Amino acid sequence: RYLFKGRLCGLICDDCPEPLGGAKLRLYRPSQTQDVVSLAAAQPKDTWTLLDDAQIGEKSARLLAEVDIGSDGEFEVALDAREKYDGSAFEIDIYCGSVPRQKPPRVPPKPRQFTVTTLQPQWRERDNGLVAAWTYCIPFRWWCWFRGLFGAWTICGKVTVCGKKIPVSGAKVSAFDADWLADDALGSAITDGAGKFRIDYAAADFKRTPFSPLINIEWTGGPDVYFRIESAGATLLAET
């Protein structure tokens, strides 16, 4: 019996990881035409690939196992004689019907699947069989782009006392789209003990205009944002 477990997350920025809760982990046997040794030796950042429907369909006959990823990003897959698995390398894919903290859209987005890497697990003997662990966090250059396919946008930040780097906790940070027609409120959050905050919003929040849905001004890219920070009775504006 083989037990493959670990934790998966995606980076919004260098110090803002989020667990891939709600996604599915899919393991595939490598195809006979693949150079498994080279793929297993490559870094995941070099093998990350977004798949189309045809590619997903081609892989379906090679599916080894599928499991839901927990809200904390943890997963656990048991492989035994039923899968005829012998401890060899497998491909690791992630299937997402949505992304964490995504605001419900009016039109459900298309589910997406991407390949992370080909992995040769380092199996270790345990009382009940063999166990291997794997933890991985998707780089922000890929994860933020992937979230954008679902129309999901995020602002992560930190409020500190100017020049002293002292975190400001309990402050309310509100973000607005600086638009030429009207400034759209994107959302607000309260800073934690480290002064950090996170605001999630949808593409529709900054693309809409008084003429929507017939005319939307900002079709691509992100909005120009300014912030209002309220703390201990004081209010200030910050632009970025």
Grab the DSSP H runs of the chain that are 4 residues or longer, score each as -39,500 (n - 2.57), total them, divide by all residues and round the 222 nm result to the nearest 500 deg cm²/dmol. -3000 deg cm²/dmol
Over what distance in Å are the Cα centres of the stretch 130-145 and the stretch 27-106 separated? 12
If each K or R counts +1 and each D or E counts -1, the residues other than G170 whose Cβ falls under 11 Å of its Cβ total -1
Can you pull out the trypsin sites (Lys or Arg not before Pro) in the stretch 104-198 that DSSP calls coil and that have at most 12 other Cβ atoms within 10 Å? R106, K164, K165
Links that overshoot a 28 Å alpha carbon limit, given the list K5/K84; K110/K158; K103/K196; K59/K84; K5/K172: K110/K158; K5/K172
Kindly express, to the nearest 10 degrees and within the range 0 to 90, the angle between helix 140-149's C-alpha long axis and the longest C-alpha principal axis of the chain. 80
Can you give the accessible area per residue of the stretch 48-194, in Å², using a 1.4 Å probe? 56
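The values are calculated or read from the model by the stated rules, or taken from the named source; none is laboratory data. Since this is a predicted model, take the numbers as computed values, not measurements. Neighbour counts are summed over all protein chains in view; Cβ atoms, including those assigned to glycine, are modelled from backbone coordinates with ideal geometry. Protein only, heavy atoms only, side chains kept; ligands, DNA and RNA dropped before computing areas. Shrake-Rupley method; radii C 1.70, N 1.55, O 1.52, S 1.80 Å.
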